[in-house]
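The values are calculated or read from the model by the stated rules, or taken from the named source; none is laboratory data. On a predicted model such as this, the values are computed, not experimentally measured, just so you know. Heads up, the Cβs are rebuilt from the backbone with ideal geometry, glycines too, and the neighbour counts pull from every protein chain shown. SASA here: full protein model, heavy atoms, side chains in, ligands and nucleic acids out. Shrake-Rupley method; radii C 1.70, N 1.55, O 1.52, S 1.80 Å.
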Amino acid sequence: MRLPQWRPDGGVAICRMLAVADTYEEAWKSAEQSMAFMGDWLGEFGFFEAWRLPGQEGPVPRTLEQLVKSGMMLVGTPDSVGEQVQDLRRDLGVDYIVFVACAGAVDHQRMLDTIQLFGENVIPAVA
C-alpha cells in the first residue's frame, strides 16, 4: 500500500467524523455526544441528505445510526477504526482523510482519549 503524499496535482480527500475509545461502548457514547453538532447544527443545513443510504426514501433520519451506516462517522476501538480507515482508502481510493471529532460537543476527556488513541494506535497501523 502506498502512503498518501502531497502532489502538485492534488488528490482525493474526504472528511469523516471520529470517535475512538478503548471499548466500542465508550466510543459510541462519545459519538452520541457529537450529535448536538451533527444532528442539530449540520442537520439544519441539509448535510444528512448527503448521507442518504441507497434505496432510502423520505426524510433522512438525523441519527447516529444513519451516520455510521452511511460511513460518515467512524466509531470504535483503535483496531476497528484502523480497519475502517483502511476500507476507505481501499474502497474509495482516497489520498487524504480529514477527521472531525466534534470537540465542542463532546466531553473534553473523551476528546483527549480519541486524539491520543487515534494518534498512538491508528495512525501507525495505517501508515
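Observations on the structure shown:
- Of the residues contained in segment 90-97, one or more are found to be in contact with a Gly (Cβ under 7 Å, 6 or more places away or on another chain), among the aromatic types (Phe, Trp, Tyr) and either loosely packed, with under 11 Cβ neighbours inside 10 Å or in contact (Cβ under 8 Å) with a residue 12 or more places away in the chain (or both).
- When residues of segment 78-89 are limited to those that are under 19 Å from residue 23 (Cα atoms) and open to solvent by 40 Å² or more (accessible area, probe 1.4 Å), the one nearest to the chain's Cα centre (by Cα): 84
- Scoring residue 42 on the criteria (1) open to solvent by 40 Å² or more (accessible area, probe 1.4 Å); (2) without any contact (Cβ under 8 Å) to a residue 12 or more places away in the chain; (3) of a type outside the set (Lys, Arg) leaves a single failure, condition (1).
- Selection count, segment 45-69, where residues are open to solvent by 40 Å² or more (accessible area, probe 1.4 Å) and on the phi < 0 side of the Ramachandran plot: 16
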